[in-house]
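Undergrad: Just passing along the structure, written as structure tokens.
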Amino acid sequence: MNKLILQAAMALAFTAASGYACAGATVTYVNPDKMTDVPRFNSELESMEALFREHVDKLAAKLPAGQELKVEFLDIDLAGDVFPRVPVQDVRIMRGRADWPRIHLRYSVEQDGKVLRSGERRLADAAYLMGYNHYNNELYGHEKQMLDDWFRKDVLAAR
């Protein structure tokens, strides 16, 4: 029994230590009520924010230990156009015309309180319905793909 407790304590200590050593992310949304195209219902807006925060956390995990990614979403224009269907539900239709996803963000990568790199980017993908999308069947998949491309080109490549 003591051996089992010791193993559990060691596993817990290892998990805590490894969580401390890995990279992290801080995500903020600047004036979401003034953004170009985000969900109009509070619960859907909070869900979108949580999904983007989770996705940025996954991207930040690819950074070296001790580095933190900070992202401020300044404007979001989701893929497609929204058509109110009923008072409590909207329908988003993607036609591939002038309805491509756009994200305006500011970011920095920091370590030990020092900014290693930073910038402000306006992301857009006019060909969002063409080609392969890793997140094709996921909610906000086109925006996630665009964030992946930005992270790979701007954040990881700058190392």
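Undergrad: Would you mention how many residues in the stretch 104-133 are within 23 Å of residue 80 (Cα to Cα) and at pLDDT 95 or above? Spell out how you get there, then give the answer.
TA: If we filter the stretch 104-133 for residues that are within 23 Å of residue 80 (Cα to Cα), which is where we start, we get 104-105, 121-133.
Adding the requirement that they be at pLDDT 95 or above leaves 104-105, 121-123.
Residues meeting the conditions: 5.
Undergrad: Restricting to the stretch 109-155, name every residue that is in a helix (DSSP H, G or I) and among the small types (Gly, Ala, Ser).
TA: Start the filter on the stretch 109-155 by keeping residues that are in a helix (DSSP H, G or I), which leaves 141-155.
Within the stretch 109-155, just 141 meets the criteria.
Undergrad: Evaluate the stretch 12-20: report whether one residue or more is modelled with pLDDT under 70, among the aromatic types (Phe, Trp, Tyr) and more than 30 Å from residue 157 (Cβ to Cβ).
TA: Step one: of the stretch 12-20, the residues modelled with pLDDT under 70 are 12-20.
So of that shortlist, the ones also among the aromatic types (Phe, Trp, Tyr) come out as 14, 20.
Adding the requirement that they be more than 30 Å from residue 157 (Cβ to Cβ) leaves 14.
Yes, that holds for at least one residue.
Undergrad: Let me ask you something else. If you go through the stretch 65-103 one residue at a time, how many are over 17 Å from residue 53 (Cβ atoms), modelled with pLDDT of 80 or more and assigned to a strand (DSSP E or B)?
TA: 3
Undergrad: Can you tell me which residue within the stretch 107-129, out of those that are in contact (Cβ under 8 Å) with a residue 24 or more places away in the chain and exposed (fewer than 10 other Cβ atoms within 10 Å of the Cβ), is farthest from residue 147 (Cα to Cα)?
TA: Result: 112.
The values are calculated or read from the model by the stated rules, or taken from the named source; none is laboratory data. Small disclaimer: the values here were computed from a predicted structure and weren't measured. A quick note on method: Cβ atoms are made from the backbone with ideal geometry, for glycine too, and the neighbour counts reach across all protein chains shown.
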